[in-house]
Amino acid sequence: MNPKISKALKIILPLLLAVFLVWYSLHKVSFDKLIVFFKEADYRWIVLGMFFGFLSHLSRAYRWLFMLEPLGYKMKFNNSVMAIFSAYLINYTIPRAGEIARATIITNYEDVPFEKGFGTIVSERIADLIMMFAIIFITLFIEFDFLYSLLIEKFNPLKIVIAFVLFIFLGVLLFKYLKNSSSKMALKIRTFAKGLIEGVFSIFKMKKKWAFIFHTLFIWTMYVLMFYVTSLAFKDLGDLPLGAVLVGFIAGSFSIAATNSGIGSYPVAIYAALSIFNIPEEPSIAFGWIMWFAQTLMIIIFGGLSLIYLPIYNRKEAHKAL
């Protein structure tokens, strides 16, 4: 496929999906009804959720310093914070453009070579991916009986066993193919897998690895708390059980990759996840929308201020150094 067409599709398709999902969610609950939910929400919980989200971003900025230090760079914490908020804001325009912008910002203001800065961002994503898998595993452990019963109820047990065996069989075949194939795609996947493994072990080679691990755990704890306390703003949701919180959080996290930072997809994902626990449709969608709006508002404010203040701050720092 033509590279220009491929690039355009990567931008257009998520936007089209976002438009469809916005329509779909508003089809499930009318805009007027959504406004009622917004008016009746307890904004003390929403503000507290935003605060937890803000703390996670500060922790992420501080964690980044640990990754650059072994490379010989001591980045200013303020630049790290502003680079991260700027990246989040830019991700609302072009998917994954924020990561490139983030590495570019520290190249311009901290003299960190782009490839090294981008490499730390990739390693950071690996750590986050591990945490995501850990949360999925914990959720499966906590809710195993419930999810197993749900599968048995919805699907024939024999079909589940056959599907599982088929999945393992195909997985083994794919592994052998990727291991022995010399195709470009196989080489790319092997390189990615190798980098993934190296990235995981590089974390344990850091001088401040325990501080890095602490901040990683803290970031994801804040994410889950942000989700939970925001749900308390809706009396119609009640006090969500831990399983519903974790399943909803996981669904919402994956939805962010589907469209630009979860536009349209986030409320639908929350509704789909909470419906498993027989939680009413309308408050679920309203919760998804207000959760998305609250975090988006924070990113727009702090991301916008960061983009404006970055050159001003660094010009002042340059004058101080003279």
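When residues in region 173-184 are screened for being exposed (fewer than 10 other Cβ atoms within 10 Å of the Cβ) and of a type outside the set (K, R), 2 of them pass. Exactly one residue out of I301, I250 is assigned to a helix (DSSP H, G or I), surrounded by fewer than 22 Cβ atoms within 10 Å (Cβ to Cβ), under 12 Å from the mean Cα position of the chain (by Cα) and among the hydrophobic types (A, V, I, L, M, F, W, C), and it is I250. Report, by residue number, each residue of region 96-111 that is surrounded by fewer than 19 Cβ atoms within 10 Å (Cβ to Cβ) and modelled with pLDDT under 85. Across region 96-111, the qualifying residues are R96, A97. Just one of the listed residues (F234, F287) is at pLDDT 90 or above and either in a loop (DSSP other than H, G, I, E, B) or not charged (D, E, K, R) (or both), and it is F287.
You will find that of L225, L240, the residue that is surrounded by 14 or more Cβ atoms within 10 Å (Cβ to Cβ), assigned to a loop (DSSP other than H, G, I, E, B) and modelled with pLDDT of 75 or more is L240 and no other.
Applying the selection to region 306-322, what residues are free of Cβ contacts under 8 Å to residues at least 24 places away in the same chain and assigned to a helix (DSSP H, G or I)? Correct list: I308, P311, I312, R315, K316, A318, H319, K320, A321. Checked against the criterion of being within 22 Å of N91 (Cα to Cα), in contact with a helix residue (DSSP H, G or I) (Cβ under 8 Å, 6 or more places away or on another chain) and without any contact (Cβ under 8 Å) to a residue 60 or more places away in the chain, the candidates A269, A294 yield just one match: A269. Among the residues of region 47-74, those that are among the hydrophobic types (A, V, I, L, M, F, W, C) and buried (at least 16 other Cβ atoms within 10 Å of the Cβ) comprise L48, M50, F52, F54, L55, L58, A61, W64, L65, F66, M67, L68. Name the residues in region 31-43 that are in contact (Cβ under 8 Å) with a residue 60 or more places away in the chain and not hydrophobic (A, V, I, L, M, F, W, C), would you? Correct list: K33, E40, D42, Y43. Confirm whether F77 is at pLDDT 65 or above and surrounded by fewer than 16 Cβ atoms within 10 Å (Cβ to Cβ). When the stated conditions are applied, F77 passes them. Pairs linking a residue in region 121-138 that is without any contact (Cβ under 8 Å) to a residue 24 or more places away in the chain and closer than 17 Å to H57 by Cα to a residue that is aromatic (F, W, Y) and in a helix (DSSP H, G or I), with Cβ atoms under 6 Å and 6 or more positions apart or on different chains, do not occur.
For region 237-253, the set of residues classified as touching a residue at least 60 places away in the same chain (Cβ under 8 Å) and not aliphatic (A, V, I, L, M) consists of G243, F249, S253, listed by residue number. With respect to (1) part of a helix (DSSP H, G or I); (2) in contact (Cβ under 8 Å) with a residue 40 or more places away in the chain, the lone exception for I279 is condition (1). Listed conditions (1) part of a helix (DSSP H, G or I); (2) modelled with pLDDT under 90 are all met by T93, apart from (1).
The values are calculated or read from the model by the stated rules, or taken from the named source; none is laboratory data. Computed from a prediction, not measured in an experiment: that's the story for all the values here. Note that we place each Cβ from the backbone using ideal geometry, even for glycine, and neighbour counts take in every protein chain shown.
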